[in-house]
Amino acid sequence: MKLHEYQAKQVFADAGIPTPESQLASDVDGVLTAAQEIGYPVAVKAQVQVGGRGKAGGIELVDTDEEAREAAESIIGMDLKGYHVDQVLVEGAVDFVDELYVGITMDRGEGKPVAMVSTKGGVNIEEVAEEDPDAIAREHIDPSFGMHPYQARKAVYDAGVDPAVARDVSSVLTTLYQLWDDRDGADAEINPLMVTADDEVIAADAVMNIDEDALFRQPELAEMEAEAAGSGDDLEQKADEYNFDYVRLEGNTGIIGNGAGLVMTTLDLVDHYGGEPANFLDVGGGAKAERIANALDMVFSDDNVDSVVFNIFGGITRGDEVARGINEALEQFDEIPKPVVVRLAGTNWEEGMEILNEDLVTVEQTLEDAVQRAVEYAEEVNDQ
Amino acid sequence: MSVLVDDDTRVVVQGITGGEGKFHAEQMMEYGTNIVAGAVPGKGGQEAAGVPVYDTVHEAVEEENADTSVIFVPPAFAGDAVFEALDTDLDLAVAITEGIPTQDMARVNKRLSETDTRLIGPNCPGLITPGEAKLGILPGNIFAEGNVGLVSRSGTLTYQVVDNLTNRGIGQTTAIGIGGDPIIGTDFVDALELFENDDETEAIVMCGEIGGEDEEEAAAFIDDYVDTPVAGFIAGRTAPPGKRMGHAGAIVSGSGTGTAESKISALNDAGVPVGDTPEEVADHIEEFLG
């Protein structure tokens, strides 16, 4: 779960990390009022959860009311990499002499958190990591002790941060780790952490991604997520409502299955047999009929979808429940909106085959055959 | 022969009074697993699935000589349940639970380095030695006794590949689902080592997926230490970067690490053929077995 920049900044500011003065706005008047109160120059920043907002035209630095109006008009309502911009953050521009990077993430290879500091802030840190890995100082942290104060200092010194601000940067890093730890962070980042001419440090951007599996014990953040909802892709929102693991892709063969690995494999096979996957949809383990029907509704809602492959290998999921769900979803239509290919295997698959209304779907015995059939159907629709 | 589990294994089920725990305890027993006890705080003295329930794992070990735990505890409490298993010096703990917070697993991971207990999972289907015993939720009827060891990050993909093998009359020594989380106990390298040292295992299937670098590490290990022939499969070739594909661990990072290409080429470089489809994996195994 990703917090919006304005939310992450609030969390950081509450913890004592210096951030620029800012206000959230959702229309032109709001932007103007905010800009006048804060005082020019200000940055007008689209609040959507995608990287590279600046390059995509989602961030403008403005000096006057006129420029602020223009920026607000162009950014609010724009489509930024598939996301609709509803809100902007109006923020006092920082006069900086240096841009640093500080971040905390989980190093899965080591199974430990790692603190990172670099003097190459303000650019994509993943590119820095690839091109100049030594430019990032890393300090692994024992999660049962937390970050020792010396580790924060060491990371800052190792990165070559100007001694005049080293103490303040260490302090920001320490606070950031505390936040990451207390709030079940997946990633917590400040990029750039700006250094001003008077040696002050200030967080000009803020990234806080939360471990979704820990939201049950982070009620305040779960609330922020609910507040941030409404800005994502419509289908992905619908998937959230149904509580599916769903990812929308570009193709036209819809895919439903159980278990992440098997669903990914089904996507790969669609590609292997010359089709293009429209989505990843995992119904999870033990899905009952209603959930199966919801999955079909979900995939039918995607206009790009021309055919659907339904691949279930039951362990704790039962074939009879799956068949009931498919019938339930399809029997409500006078005409099936898109051809559905079903492959059932594993627990209770024979019972499932007896229940399944084969007038409504095409049945295949193997995964490979089912995928090929669905790809053929999608091509036929496309040819028409 | 087999690895990790056989019909002598004495199992305590943590969370045996919950719906999942009870159902799968019964399923495991039906398959032949020697379940000796349950452990659920506050439920000591009761009986579930026909075995006595104790308040603590410690008691289950004292009273029933359990040496292995299977954990069906809800995610909020599962990290603690794994600690309990590790601190009781069991031989093996299998965590089925999906959705344990990653920071909890980082703490478990630290503790693992200090104990002799092996952890499988979390977020895994468990493991099975066909004809003897299973620990977890795998559907026993698709497996057959034989000579192929199988290790996989995904549950249902395991079933798919096993089905392809069993349909050709190729059985398995042991199949291990290591789980789809970013931080897990037993990894590919550990499982490969077990199979390499098992006399009965004549070929190995390794099913990986996008995310992390475990498959690359496994490829290096195979190159250096594994003589048993290995066939691979990697799920997620078509996954876009930055999107989590169901499993918490299945994500290609923005910087391009964890891609299917990187894993497939590492495996190929180690002499491991990687099937484009589960059928092709079975083809390779059939060739290995001659």
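The values are calculated or read from the model by the stated rules, or taken from the named source; none is laboratory data. Since this is a predicted model, take the numbers as computed values, not measurements. A quick note on method: Cβ atoms are made from the backbone with ideal geometry, for glycine too, and the neighbour counts reach across all protein chains shown. Ligands, DNA and RNA are excluded from the accessible area calculation, which covers all protein heavy atoms including side chains. Shrake-Rupley method; radii C 1.70, N 1.55, O 1.52, S 1.80 Å.
Here's how it looks for residue B:147: its modeled amide H is under 5 Å from those of B:171, B:172, B:173, which are all 5 or more places away or on a different chain. Only protein chains counted, 1.4 angstrom probe. Which residues of the range A:255-286 are at least 50 Å² less accessible in the assembly than when their chain is isolated? Buried on complex formation: A:264, A:265, A:268, A:272. Roughly how many percent of the accessible protein surface of the protein assembly as shown is carbon and sulfur, given a 1.4 Å probe and a whole-percent answer? After summing per-atom areas, the C and S share lands at 42 percent. The GluC sites (Glu not before Pro) of the range B:186-290 include none that meets both criteria, a DSSP state outside H, G, I, E and B (loop) and at most 13 other C-beta atoms within 10 angstrom of the site's C-beta. Residues whose amide H lies under 5 Å from that of residue A:78, counting only those 5 or more places away or on a different chain, are A:85; hydrogens are built 1.01 Å from N in the peptide plane.
Would you mind getting me the FRET efficiency between residue A:14 and residue A:243? Use the beta-carbon distance for r and R0 = 30 Å, nearest 0.05. About 0.50, to the nearest 0.05. Between the alpha-carbon centres of the range A:306-384 and the range A:2-17 there is a gap of 46 Å. Per residue, the accessible area of chain A comes to 43 Å² when a 1.4 Å probe rolls over the protein heavy atoms.
Of A:45/A:338; A:154/B:110; A:288/B:22, which sit over 31 Å apart, Cα to Cα? Result: A:45/A:338 exceed 31 Å.
Over all distinct alpha-carbon pairs, what is the Kirkwood Rh of chain B in angstrom?
Details: mean 1/r = 0.0527 Å⁻¹.
Radius from the Kirkwood sum: 19.0 Å.
Averaging Cα coordinates gives a centre for the range B:124-178 and one for the range A:40-58; these two points are 50 Å apart. Cut-off 20 Å, label point 7 angstrom out along Cα-to-Cβ of residue B:7: give me the residues of the range B:195-222 whose amide nitrogen falls inside. Only B:199-201 fall inside the zone, counting backbone N under 20 Å.
Counting only protein heavy atoms and a 1.4 Å probe, chain B has 35 square angstrom of accessible area per residue.
Separation of the range A:157-198 from the range B:203-226 is 36 Å, based on Cα centroids. Amide hydrogen proximity for residue A:205: with H placed 1.01 Å from N in the peptide plane, the residues at 5 or more positions away or on another chain lying under 5 Å are A:191. Within the same chain, lysines fewer than 8 places from residue B:263 are excluded, and of the rest, those with a Cα less than 25 Å from its Cα are A:112, B:243. Compared with the dominant Cα axis of chain B, that is its longest principal axis, helix B:278-289 is turned about 90°. Averaged over the residues of B:230-242, the number of partner chain Cβ atoms lying within 10 Å of the residue Cβ comes to 5.
Of the peptides A:35-41, B:6-12, A:277-283, B:78-84, how do they stack up when ordered by the mean number of other Cβ atoms within 10 Å, highest first?
Numbers: A:35-41: 16.0, B:6-12: 19.0, A:277-283: 26.7, B:78-84: 21.7.
Per-residue Cβ counts within 10 Å, averaged per peptide and sorted highest first, yield A:277-283, B:78-84, B:6-12, A:35-41.
The GluC sites (Glu not before Pro) found in the range A:230-323 that occupy coil by DSSP, while having at most 15 further C-beta atoms within 10 Å, are A:250.
The C-alpha atoms of chain B define a longest principal axis, and helix B:75-87 lies at about 80 degrees to it.
Of the GluC sites (Glu not before Pro) found in the range B:113-158, those in coil by DSSP whose Cβ has at most 16 other Cβ atoms within 10 Å are B:114.
Given axes a ≥ b ≥ c from the Cα gyration tensor, I'd like to know whether the range A:36-154 is rounded (a/c under 1.5), prolate (a/b larger than b/c) or oblate.
prolate
Using Cα positions and a limit of under 12 Å, work out the aspartates and glutamates in reach of residue A:9, with same-chain residues fewer than 8 apart set aside. Those aspartates and glutamates meeting the cut-off are A:21, A:91, A:189, A:205.
For chain B, the longest principal axis of the C-alpha atoms and the axis of helix B:155-166 are separated by about 70°.
Using Cα pairs under 8 angstrom and six or more residues apart, how large is the relative contact order of the range A:167-299, in percent?
Details: 169 pairs, mean separation 22.4, N = 133.
Relative contact order, the range A:167-299: 17 percent.
Between residue B:110 and residue B:268, the contour length at 0.36 nm per residue exceeds the alpha carbon distance by 53.6 nm. With solvent modelled as a 1.4 Å probe, how much accessible area in total do chains B and A shield from it at their shared surface, in Å² to the nearest 100? Using a 1.4 Å probe on protein heavy atoms, the buried area is about 3900 Å². The slack between residue A:27 and residue A:187, meaning 0.36 nm per residue of separation minus the straight C-alpha distance, is 54.5 nm. Helices of chain A meeting both criteria, an alpha-carbon length of 27 angstrom or more along the long axis and an average Kyte-Doolittle score not below -1.0, with helices taken as full DSSP H segments, are A:163-182. Remark: spin-label model distance residue B:47-residue A:236 equals 5.3 nm, labels positioned 7 Å along the Cα→Cβ axis.
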